[in-house]
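Down below is the structure, laid out as structure tokens.
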Amino acid sequence: MQYIMALDQGTTSSRCMLFDLRGNIVSRAQMEFTQYYPQPGWVEHDPEEIFDSQYEVACQAMQNIGARGVEIAAIGISNQRETAVIWDRKTGECIYPAIVWQCRRTAAACEELKARGLEDFIRKRTGLVIDPYFSATKIRWILDHVPGAQERAERGELAFGTIDSYLIWRLSGGAAHLTDYTNAARTMLFNIHTLTWDDALLDLFSIPRAILPAVQPSSGLFAYSDPELFGRAVPICAAAGDQHAALFGQTCFVPGEVKNTYGTGAFMLMQTGGRPVESANGLLTTIAWGEGGRVDYALEGSVFIAGAVVQWLRDELGLISSASESEAWARKAPDSAGVYVVPAFTGLGAPYWDSAARGTITGLTRGVRREHIIRAALESIAYQTQDVLALMRREAGVEIPALRVDGGASANNFLMQFQADVSDIPVLRPASVETTAQGAAFLAGLACGVYSGREEIAALYRAPRRFIPHMDAQARDGLLAGWHRAVHAARTASIL
Ligand code: ADP
């Protein structure tokens, strides 16, 4: 056995990475698949295309290095979360396209749940806020809109799954209908304290228990792949939602350890150990993973617009021609000349939760140049991250030793240094920012005995690039006060 196969099923592409047993990537392949936008605010995927693209990249990654099925010790899956698929158990056909996590079609249904005062009821059980992101209202929508679906579901003819579940089912040739704790925790049907599907929630959404997968720890044997697929029945030994896998890949094993992924948006997760921390300010409480006979919990906060503000500079304003160019521009100015960009394009998330806020640029004077705007836009990513970090610090009441980073925009050295400065915390960037696939591979490797335990994995964490804070407290406080004034302007801008 020489490799662990990580299947990283993302929102816009399917990827496969083969890791050697020391945790190095030795082969990779990636393929985009179709995004369907049938109506404004709606997003769908074709589950068949997801599986086909995932299988295709797995074969490509093997071919690249001439790897054979007998050399693959295990498969680990990390996946886009919350996306809902329902299929017929007998024919395997999906009864409707996958409704993607981003899809807002159930916004009205969620408003109704809030109007009924169910926020506390749902948060207490699931750790989640009521939002169309999560699977429950998507399942309800499919069962309501596909003729006969509710009855078929009640008769046990249909199966629901998040993407991990669908992939496991397909990879096992229809033999296994399973999911893991992290994916279950994002459905809004799973009780994160009892680790079971919650009867009160199933009643609330009229979702028949018969459609749900069995739930198990993220690391452990799920099923064997159909021998036809890779020339051998390879054990599928891990499944976890992408952000959870990234937290594991970043080896955040000690309570207080935090990772932030700077992609289109930013996702911050903090390991809180065996203790689910309830948030009073809209952070989510979630399951970090189930591994080694126990469950760890995490706090999660997200920023809607992170790297996307750089895309906006490039595509809408034409101020830069590539995302990476933003770094050199930002360095042309010693500071942002008092300019703040608040990219509240779709409102603001934690800790403001203001969906009416709109994007704002403050502090413009006649001397403001292109580099100031670009710099201020990059700084906004760090300020928003700092707002979430400060909230986590407060709510979890633990010391945060460092911020571990990954995702596309973490390549920006200016941004990482500025983050260290405004958050007054060391920022650690691993040599490989493929932490999601890495986490899936680690979880699978633990289950199949390639690794002895978390200590061995923590030792594999490559010496990261460190960004050490060196801004003095007065300067930092001044900048943060300016940012908060700008946020205030963005929030009042919406009512003008
Ligand atoms: P996602 O997984 O959400 O698609 P990625 O992790 O691939 O995101 O990161 C892509 C995002 O990172 C884009 O929004 C892009 O603008 C931003 N980005 C990529 N490189 C840089 C860079 N050097 N500086 C700033 N932003 C960057």
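Numerical summary
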quantity	calculated
Which numbered condition V342 misses (of (1) within 15 Å of the ligand (Cβ to nearest atom); (2) touching a residue at least 60 places away in the same chain (Cβ under 8 Å); (3) within 22 Å of E300 (Cα to Cα))	(1)
Subset tally (residues that are open to solvent by 10 Å² or more (accessible area, probe 1.4 Å) and in contact (Cβ under 8 Å) with a residue 24 or more places away in the chain) for the stretch 294-309	8
Within the stretch 419-431, considering residues that are touching a residue at least 40 places away in the same chain (Cβ under 8 Å) and not in a helix (DSSP H, G or I), the one most open to solvent (accessible area, probe 1.4 Å)	D424
Test for I168: is it over 24 Å from the mean Cα position of the chain (by Cα) and in the same structural domain as L113 (by TED's automatic domain parsing)	no
Which listed residue is β-branched (V, I, T) and more than 18 Å from E327 (Cα to Cα), from V405, V433, V427	V433
Verdict on R116 being more than 20 Å from S13 (Cβ to Cβ), surrounded by fewer than 13 Cβ atoms within 10 Å (Cβ to Cβ), at pLDDT 95 or above and not β-branched (V, I, T)	yes
Index of the failed condition, D315 passing every other in (1) more than 16 Å from the ligand (Cβ to nearest atom); (2) exposed (fewer than 14 other Cβ atoms within 10 Å of the Cβ); (3) within 25 Å of the chain's Cα centre (by Cα)	(1)
Looking only at the stretch 403-418, and only at residues there that are under 21 Å from A245 (Cβ atoms) and surrounded by fewer than 20 Cβ atoms within 10 Å (Cβ to Cβ), the one that is farthest from the ligand (Cβ to nearest atom)	A411
Number of the condition not met by L364 [criteria: (1) under 22 Å from L480 (Cα atoms); (2) within 16 Å of the ligand (Cβ to nearest atom)]	(2)
The one condition in (1) within 16 Å of the ligand (Cβ to nearest atom); (2) at pLDDT 95 or above that D421 fails to fulfil	(1)
Residue selected from the stretch 235-247 under the condition within 12 Å of the chain's Cα centre (by Cα) and open to solvent by 10 Å² or more (accessible area, probe 1.4 Å), by the criterion nearest to the ligand (Cβ to nearest atom)	D242
Selected residue [open to solvent by less than 10 Å² (accessible area, probe 1.4 Å) and over 27 Å from the mean Cα position of the chain (by Cα)] from A486, A475, A481, A440	A486
Test: V295 is away from the ligand (no atom under 11 Å from the Cβ), within 14 Å of R375 (Cα to Cα) and at pLDDT 95 or above	no
Test: residue in the stretch 368-380 that is in a loop (DSSP other than H, G, I, E, B) and in contact (Cβ under 8 Å) with a residue 24 or more places away in the chain	yes
Count of residues meeting criterion [more than 13 Å from the ligand (Cβ to nearest atom) and either at pLDDT 95 or above or closer than 12 Å to Q438 by Cα (or both)] in the stretch 1-13	5
Those residues of the stretch 251-280 which are touching a Phe, Trp or Tyr at 6+ places or on another chain (Cβ under 8 Å) and open to solvent by 20 Å² or more (accessible area, probe 1.4 Å), in sequence order	T261, G274, R275, P276
Count of residues meeting criterion [more than 15 Å from K259 (Cα to Cα), outside any helix (DSSP H, G or I) and in contact with a Phe, Trp or Tyr (Cβ under 6 Å, 6 or more places away or on another chain)] in the stretch 381-418	0
Residues (open to solvent by 20 Å² or more (accessible area, probe 1.4 Å) and either free of Cβ contacts under 8 Å to residues at least 40 places away in the same chain or part of a helix (DSSP H, G or I) (or both)) located in the stretch 318-331	G318, S321, S322, E325, E327, A328, W329, R331
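So that you can scan it fast, the table gives a plain yes or no per residue for (1) open to solvent by 10 Å² or more (accessible area, probe 1.4 Å); (2) among the polar types (S, T, N, Q):
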residue: I192; (1), (2): no, no
residue: L195; (1), (2): yes, no
residue: Q216; (1), (2): yes, yes
residue: P227; (1), (2): yes, no
residue: F230; (1), (2): yes, no
residue: A233; (1), (2): yes, no
residue: G249; (1), (2): no, no
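The values are calculated or read from the model by the stated rules, or taken from the named source; none is laboratory data. As the structure is a prediction and not an experimental result, all values here were calculated from the model. Every residue, glycine as well, gets a Cβ built from its backbone with ideal geometry; the counts of neighbours run over all protein chains shown. Accessible surface is based on the protein model in full, side chains and every heavy atom, while ligands, DNA and RNA are left aside. Shrake-Rupley method; radii C 1.70, N 1.55, O 1.52, S 1.80 Å.
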